[in-house]
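Written below as structure tokens is the structure these notes are about.
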Amino acid sequence: MMTLCPCGSIHDYEVCCGPIIAGTPAPTVEALVRSRYTAFVKCALDHVERTHAPEVRDDFNRADAERVTQQYEWRGLEIRRVTETGDTAKVEFVVRFRREQQELSTISVSGFRRDHGQWLYVNTESSQIAPQRVTKIGRNDPCSCGSGKKAKKCCGVALEVK
Amino acid sequence: MSATRHFQCTICGQCCYGLLPLTCKDAFANAARFPLGFVWTALRQGSKDYAMTATLGTTLTLAHRKELAVMITPTAYLPKSFPCPALGDDNRCSIHLNKPSRCRTMPFYPYRDERYQAELLKPRLGWACDTSTAAPVVFKDHQIVLRDDFDQERQALLEQAPVLRRYADYMFKYSPWLVGALTQASSQTKTRSVVTSLSSFLTATRNADAGRLARLQLPVLNDYATRTGGDAQLAEFHQNYRNWFQEMTYLSQRLDASPTCADASVRSD
């Protein structure tokens, strides 16, 4: 049975982040970022710890991360930009989650390095947390799917998270 | 304000409530007694406690060449309405002989420069300190008369400053939200503070005793989480106790220094 990968790739978990979390080196830096996000969703933090660069591995507050994996509801990952320069890379990404009845997102820019073919997390250049704008769609508003029909006659009225 | 100030404690117990700042040493020595957190307070340049705060804590450079002095205090993290767990029914301290440095030095406060100490002798609302001329002289010519406790606490604060600075560097690096929170807190007229976890301090300082400290904290945090549940005014305390309990649960199992205790420490909740 196929399980969609939590990273949002629309691939089966078993061919997306699954193998990387199990120990196969991530083929690209983007794949590493995706797998580290998925590891939070799956409470598989050994993977996150293992893919910290050695000089920052002891900085990883695993106790805090373990709590976060249990407490947050993960809503999705969006990779905004990947800049690769040889064996180093910068990735800008957005993580959406729910915490204490609040929909939140963090926008981060993190640095990565490739050591012996393995992509590793090195640092976070910036990270900002912000509440997400939640807009309520009126019953008679145009449907957000773009059909042109009224929302009540199409996909229905639900909270849309931007 | 006269140059000579009098003070006598009347054992009213009123100063034994709420947050209690501790030295690192006192905090860890009392890990089985107090729920421990780290309280951050930021001061703007021009504040009279700026220099001492920068010496005992750290500084944070902001945009436009502005700077904040930040004090980071290991703290017995208790709501204002909660008495110290060591306060006895007779309003006396049940650990008097071993009480924290902070309690010995009261009402003086070595986080501030000595010349400002007279202001701290004024009893706060509801306190029954005797400051009449019948009480002994405790402050004279801008100096504390019996100064051993004050000097010892100040010395401990000076000695631990490098460790707290290391912790601050770690937090500013990995928790950028803290910079924003401190900036905001410093702009309020009433001094506000930000609270961080023991787990972050233990990680930042590579504390080899983390497992043992975590096991001591677990029952304490569990107890305070229970006692603060269902009270909207204590919601922030309650949430922090619960969060820290989860973190300490992990640490208590992972960093096990003494294998003989391993079985006893495994909890299920």
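Please go through the stretch B:135-166 and pick out each residue that is under 23 Å from B:SER200 (Cβ atoms) and β-branched (Val, Ile, Thr).
Across the stretch B:135-166, the qualifying residue is only B:VAL163.
Where residues in the stretch B:136-155 are at pLDDT below 95 and among the basic types (Lys, Arg), which of them is surrounded by the fewest Cβ atoms within 10 Å (Cβ to Cβ)?
For the stretch B:136-155, the residue satisfying everything is B:LYS140.
What helices (runs of 4 or more DSSP H) completely inside the stretch B:147-253 contain at least 2 residues that are within 9 Å of chain A (Cβ to nearest Cβ) and under 28 Å from B:LYS99 (Cβ atoms)?
Values: elements: B:148-174, B:177-187, B:198-204, B:210-228.
Ranges flagged: B:198-204, B:210-228.
Of all residues in the stretch B:24-49, which are of a type outside the set (D, E, K, R), open to solvent by 30 Å² or more (accessible area, probe 1.4 Å) and not in a loop (DSSP other than H, G, I, E, B)?
B:PHE28, B:ALA29, B:THR41, B:LEU43
May I ask you to list pairs of residues, at least six apart or on different chains, whose Cβ atoms are under 6 Å apart, with the first in the stretch B:77-89 being open to solvent by less than 60 Å² (accessible area, probe 1.4 Å) and the second being of a type in the set (Ser, Thr, Tyr)?
These pairs meet every condition: B:PRO83/B:TYR17; B:ALA86/B:SER94; B:GLY88/B:SER94.
Of all residues in the stretch B:50-76, which are without any contact (Cβ under 8 Å) to a residue 12 or more places away in the chain and not in a loop (DSSP other than H, G, I, E, B)? Let's see the steps before the verdict.
Start the filter on the stretch B:50-76 by keeping residues that are without any contact (Cβ under 8 Å) to a residue 12 or more places away in the chain, which leaves B:59, B:61, B:63-65.
B:THR59, B:THR61, listed by residue number.
Can you name every residue in the stretch B:226-240 that is over 13 Å from B:SER199 (Cβ atoms) and within 19 Å of the chain's Cα centre (by Cα)? Quick ask: steps written out before the conclusion?
As a first pass, look at the stretch B:226-240 and keep what is over 13 Å from B:SER199 (Cβ atoms): B:226-239.
Selection gives B:LEU234, B:GLU236, B:PHE237, B:HIS238, B:GLN239.
State which residue is most open to solvent (accessible area, probe 1.4 Å) when the search covers only the stretch B:219-242 and only residues that are farther than 18 Å from A:GLN71 by Cβ and of a type in the set (D, E, K, R). Show your work before the answer.
Narrowing the stretch B:219-242 to residues farther than 18 Å from A:GLN71 by Cβ: B:219-220, B:223-224, B:226-227, B:230-234.
Narrowing further to those that are of a type in the set (D, E, K, R): B:223, B:227, B:231.
Details: B:ASP223: 66, B:ARG227: 115, B:ASP231: 68 Å².
Result: B:ARG227.
Determine which member of the set B:LEU216, B:LEU158, B:LEU182, B:LEU198 is open to solvent by 20 Å² or more (accessible area, probe 1.4 Å) and in the same structural domain as B:ALA63 (by TED's automatic domain parsing).
Details: B:LEU216 fails: in the same structural domain as B:ALA63 (by TED's automatic domain parsing); B:LEU182 fails: open to solvent by 20 Å² or more (accessible area, probe 1.4 Å); B:LEU198 fails: open to solvent by 20 Å² or more (accessible area, probe 1.4 Å).
It is B:LEU158.
The values are calculated or read from the model by the stated rules, or taken from the named source; none is laboratory data. Here the structure is a predicted model, which is why all the values come from computation and not from measurement. Because the Cβ atoms are built from the backbone with ideal geometry, glycine has one as well, and the counts that use them run over all protein chains shown. Note: areas computed on protein heavy atoms with side chains; ligands, DNA, RNA excluded. Shrake-Rupley method; radii C 1.70, N 1.55, O 1.52, S 1.80 Å.
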